[in-house]
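The values are calculated or read from the model by the stated rules, or taken from the named source; none is laboratory data. All values reported here derive from a predicted model rather than from experimental measurement. Note: ideal-geometry Cβ built from the backbone for every residue, glycine included; neighbour counts use all protein chains shown.
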Amino acid sequence: MIKSAIQNIINTSKTLKVLYVEDNKEVRESTLLMLQNFFDHIVVAIDGHNALELYKNYFYDTNTYFDIVISDIQMPKLNGVDMVHKIYKINKEQKIIMVSAYSDKEYLIPLLNMGVEGFMQKPLSFEQITDTVKKVCQIFEGALITDFGDGYTYNRFDNILLKDDEKIKLNRNEVKLIELFLKNINKNFSLEDMFNYIFFDKPYKEYSTNSIRSLLKRFRKKLPENFIINNRTLGYKIKLPQQL
């Protein structure tokens, strides 16, 4: 990402207030150094319980919520999943980014269904943080139109897919798939991940590989060629046009 593009991100990110939650001191300090390149106002919490107290106190003191919460998943006293659940009970519109280890994979779909904006994978890098901050800044800037390439655009507010300004009809499950991929552009998802996300509200629905493969096959016909990439080992992800 070129220097001017990073500066554009910083112009927005410097106005945002962040709650950063991490129990590991070494990780917390190294990540904080990277976050400080983008944010001037960062409140640090050392576990989920501490974070929830700070979250409530911040609203009491300022009558506003943090713009972004960035949190680890595995923490003592109150883990990240339970903390997110409690925060959403207070403020359903809260923007939350979770920091996950490979062993946290089981929490991915439940947290996405709860509404988190996405994940950063440990160990964190400056490039990964930059991409994530860019994505969140676009939300605050109102940039809800995503370019899929080849004349395709998607409006995340209205859930409308266009090809050269002509609307392409999407069903509920296809919209859910787009949501899943856009919330975590760089992550791969298995067929089971997709099934669990789409039918999260139907826990007794029996998993079917054939049904999700059929859905994916029909869905791909509505999208640019090679938009959804399949790695036999890692799973499925989307490929957006290269953006500066």
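Of note:
- With respect to being aliphatic (A, V, I, L, M) and assigned to a helix (DSSP H, G or I), ILE42 falls outside the description.
- Any chance ASN173 is within 16 Å of the chain's Cα centre (by Cα) and either surrounded by 15 or more Cβ atoms within 10 Å (Cβ to Cβ) or not aliphatic (A, V, I, L, M) (or both): no
- Pick from region 56-90, criterion part of a helix (DSSP H, G or I) and under 17 Å from ARG28 (Cβ atoms), ranking: modelled with the highest pLDDT: MET83
- The set of residues in region 15-34 being closer than 18 Å to ILE73 by Cβ and either in contact with a Phe, Trp or Tyr (Cβ under 6 Å, 6 or more places away or on another chain) or of a type in the set (Phe, Trp, Tyr) (or both) consists of VAL18, LEU19, TYR20.
- The residue that is surrounded by the fewest Cβ atoms within 10 Å (Cβ to Cβ), among those in region 74-104 that are within 14 Å of the chain's Cα centre (by Cα) and of a type outside the set (S, T, N, Q), is GLU93.
- From the list LYS205, LYS167, the lone residue that is in a loop (DSSP other than H, G, I, E, B), free of Cβ contacts under 8 Å to residues at least 24 places away in the same chain and outside the structural domain of THR130 (by TED's automatic domain parsing) is LYS205.
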